[in-house]
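**Q** Structure provided below as structure tokens; questions to follow.
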């Protein structure tokens with residue numbers, strides 16, 4: 001895989017103190033980050049990466065995953081949602097109906113409140129028709145982490161330390177994560193990924209057509225990323241509250257799909273009644 005030039009801009013994520021109402025929808029916001037860049041804390045420490053355009057190999061693999069996700073071959077949880085939000089001027093927009101769906105791969109944490117008291121692999125892995133989608137998601141996750149290693153090696157090493165060394169291998173997906181979720185037209189309210197491993201990153205790839213909005217916004221930084229078609233955002237989603245701006249079709253059949261790789265702390269060694277391999281008696 002050919003690694004392109006380093007991003008042209010280093011963005012200093014200076015913190016602004018703002019209040020967040022968890023669960024609140026956010027209005028349409030114009031992107032403030034439109035160029036590829038390394039994301040840094042005020043002290044210069046790299047924390048993430050934004051690429052407006054993917055290398056060709058990863059772009060092609062993502063296109064396969066997107067095509068399969070949009071087909072009937074991949075089982076999905078579906079819903080239609082009517083949304084009404086305020087625009088940037090405070091005016092209410094007309095209600096719109098978007099078809100939404102999602103599917104999870106990799107490891108699923110226990111959910112006792114739903115009667116699922118045990119960890120398990122996603123049932124999608126058992127569907128033969130979804131095999132190509134699963135393979136594409138595995139490859140896309142691995143190729144994405146090559147970019148992370150090339151551009152922000154310090155972040156890569158920290159992620160590897162807490163995930164690959166911190167979780168049993170049987171729960172890993174694409175070597176570097178525990179799970180993925182693929183969402184169509186999902187405009188998430190303000191939240192923080194508290195279930196993720198601290199020190200780990202999320203990788204978010206986007207495919208879209210005939211749509212606008214759907215950009216990740218971090219209120220604490222006043223940052224909104226221009227998540228265009230075939231873009232990549234690497235970010236520690238456990239650190240800050242964030243949300244996704246409203247998604248609108250610009251032409252009939254428009255959509256915005258996000259493919260997200262992440263690591264759940266439910267699968268760390270310390271949460272299992274077992275020892276690390278190096279701690280087991282010989």
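**Q** Test residue 261 against the stated conditions and say whether it is under 27 Å from residue 123 (Cα atoms), within 12 Å of the chain's Cα centre (by Cα) and part of a loop (DSSP other than H, G, I, E, B). Talk me through it step by step, then tell me what you get.
**A** Details: under 27 Å from residue 123 (Cα atoms): yes; within 12 Å of the chain's Cα centre (by Cα): yes; part of a loop (DSSP other than H, G, I, E, B): no.
No, not satisfied.
**Q** Pairs, please: C-beta under 8 Å, at least 6 apart or cross-chain, first residue free of Cβ contacts under 8 Å to residues at least 60 places away in the same chain and on the phi < 0 side of the Ramachandran plot and in the range 119-133, second crowded, with 18+ Cβ neighbours inside 10 Å and in a loop (DSSP other than H, G, I, E, B)?
**A** 124/74; 127/74; 129/74
**Q** What about residue 140, is it touching a strand residue (DSSP E or B) at 6+ places or on another chain (Cβ under 7 Å) and buried (at least 21 other Cβ atoms within 10 Å of the Cβ)?
**A** yes
**Q** Any residue in the range 70-82 that is modelled with pLDDT under 95 sitting within a Cβ distance under 7 Å of a residue that is loosely packed, with under 11 Cβ neighbours inside 10 Å and in a strand (DSSP E or B)? List the pairs, counting only those 6 or more apart or interchain.
**A** Pairs that qualify, where the first residue is modelled with pLDDT under 95 and the partner is loosely packed, with under 11 Cβ neighbours inside 10 Å and in a strand (DSSP E or B), are 80/97; 82/97.
**Q** Residue check: is residue 122 exposed (fewer than 14 other Cβ atoms within 10 Å of the Cβ) and at pLDDT 95 or above?
**A** Values: exposed (fewer than 14 other Cβ atoms within 10 Å of the Cβ): no; at pLDDT 95 or above: yes.
Taking the combined requirement at face value, the residue does not satisfy it.
**Q** Take the conditions modelled with pLDDT under 80 and either out of contact with any strand residue (DSSP E or B) (no Cβ under 6 Å at 6 or more places or on another chain) or assigned to a helix (DSSP H, G or I) (or both) and apply them to residue 88. Does it pass?
**A** Yes: the conditions hold for residue 88.
The values are calculated or read from the model by the stated rules, or taken from the named source; none is laboratory data. These figures come from a predicted structure and were not determined experimentally. Cβ sites come from the backbone with ideal geometry, for glycine too, and all protein chains shown count toward neighbours.
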